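The values are calculated or read from the model by the stated rules, or taken from the named source; none is laboratory data. Only a predicted model underlies this, so the values are computations on that prediction, with no experimental measurement involved. Glycine gets a Cβ as well: all are built from the backbone with ideal geometry, and neighbour counts include every protein chain shown.
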Amino acid sequence: MKQGKASKTAELSAMIRTLATKNKFGKLVFNDPYSRLFIGNKTRFIYILNRINSFFNPSFWCKGMNSVGYLLSLCRHRFIYDIMIQDLQIENTQFLIIGAGYDTSYLLLKDQIKSHKIIELDFPATQQRKKKILHKHFNETPNLYFYEIDLKQRSIRNTLNDSIFDKNLYTVIIIEGVLSYLTKPEIEELIKELSTISRKVKIIADYRKPELNEEKNTTAKTWTRSFSEYHEKYVSFYTEEEIDILLKNLNLSTEQNRDLLDLWITHEQLKPNKNLTDFGGIFVATNGI
Ligand SMILES: C[S@@+](CC[C@H](N)C(=O)[O-])C[C@H]1O[C@@H](n2cnc3c(N)ncnc32)[C@H](O)[C@@H]1O
């Protein structure tokens, strides 16, 4: 990430959700009319190229580089969004979205948000850009709160000190597309802290697998190289077993820990590219209270 610049990968995630919304297969996975607000000028160019491609080939998600990252990140987002919908049924739940970028869950779910709080954490530059865009398009955003953080520099507890965060409430913690930018010691420290941040927590986070980092995996290399160009490079990779051990050592109980590809194959129209196995995983863990 370039110092003081808003995240480009967060913009890319918004671009993927916009692309999906305009595509007959993509919108079956995720339909989001708000993501387009967050696409900046440079990303718009990539968006237009993809729109043209997806117009002539609606199942382009299953082929080439796009299939690796785009559809998996869409399926991952759908999976997390479904958990949010389910936990919105529980009164007073607070949602802590770490590295929220241009996540639009608040906008999509705002009519269902009553006694809940949505707390977003991210780098200052990314949050400031998001707040500016929200301010331009929406009169008010009740129950949505922003706190700036560099996860490499400051603890979440310190950041949320004196904030509206309530350590007595059930907290759903979402860390989507973020862990792979942190080192393993930073991740362990983060999950350890989150495991006791409130009385009852559910942590949902995705991670990258070691196979993605192998030289011979040319499809993955093309994908990860594009992120390095944005100065947002993947630095940590875990096997499913390593994640299980990490969670167990922190006294968290694992509700789910699965390959991202499992989330995809539920979408019948889109046949997965075989290069995708072991691209990444996602886990749901609770502190068991
Ligand atoms: C790939 S984007 C994902 C954004 C969002 N979660 C989504 O799925 O649309 C990664 C996000 O993590 C944030 N991030 C990465 N490293 C961070 C750090 N050290 N501190 C705070 N935020 C960070 C970036 O600013 C960016 O918004």
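Numbers at a glance
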{"quantity": "Test for Glu211: is it at pLDDT 95 or above, farther than 24 Å from Met84 by Cβ and charged (D, E, K, R)", "calculated": "no"}
{"quantity": "Region 248-266 residues that are closer than 23 Å to Glu211 by Cα and aliphatic (A, V, I, L, M), paired with ones that are surrounded by fewer than 17 Cβ atoms within 10 Å (Cβ to Cβ) and at pLDDT below 95 (beta carbon under 8 Å, 6 or more apart)", "calculated": "Leu261/Thr277"}
{"quantity": "Of the criteria (1) over 30 Å from Ile149 (Cα atoms); (2) in contact with a Gly (Cβ under 9 Å, 6 or more places away or on another chain), which one Ser13 fails", "calculated": "(1)"}
{"quantity": "Ala6, sole failed condition from (1) within 19 Å of the chain's Cα centre (by Cα); (2) in a helix (DSSP H, G or I)", "calculated": "(2)"}
{"quantity": "Every residue from region 11-41 that is under 22 Å from Asp122 (Cβ atoms) and more than 16 Å from the ligand (Cβ to nearest atom)", "calculated": "Asn41"}
{"quantity": "Qualifying residue in region 200-219 (condition: in contact (Cβ under 8 Å) with a residue 40 or more places away in the chain, more than 30 Å from Ser67 (Cβ to Cβ) and of a type in the set (A, V, I, L, M, F, W, C))", "calculated": "yes"}
{"quantity": "Residue in region 42-65 that is part of a helix (DSSP H, G or I), within 13 Å of the ligand (Cβ to nearest atom), farther than 30 Å from Lys202 by Cα and of a type in the set (Val, Ile, Thr) present", "calculated": "yes"}
{"quantity": "Positions within region 148-184 being near the ligand (Cβ under 8 Å from one of its atoms) and among the charged types (D, E, K, R), in sequence order", "calculated": "Asp150, Lys152, Glu176"}
{"quantity": "Residue that is farthest from the ligand (Cβ to nearest atom), among those in region 92-109 that are at pLDDT 95 or above and more than 24 Å from Glu186 (Cβ to Cβ)", "calculated": "Thr93"}
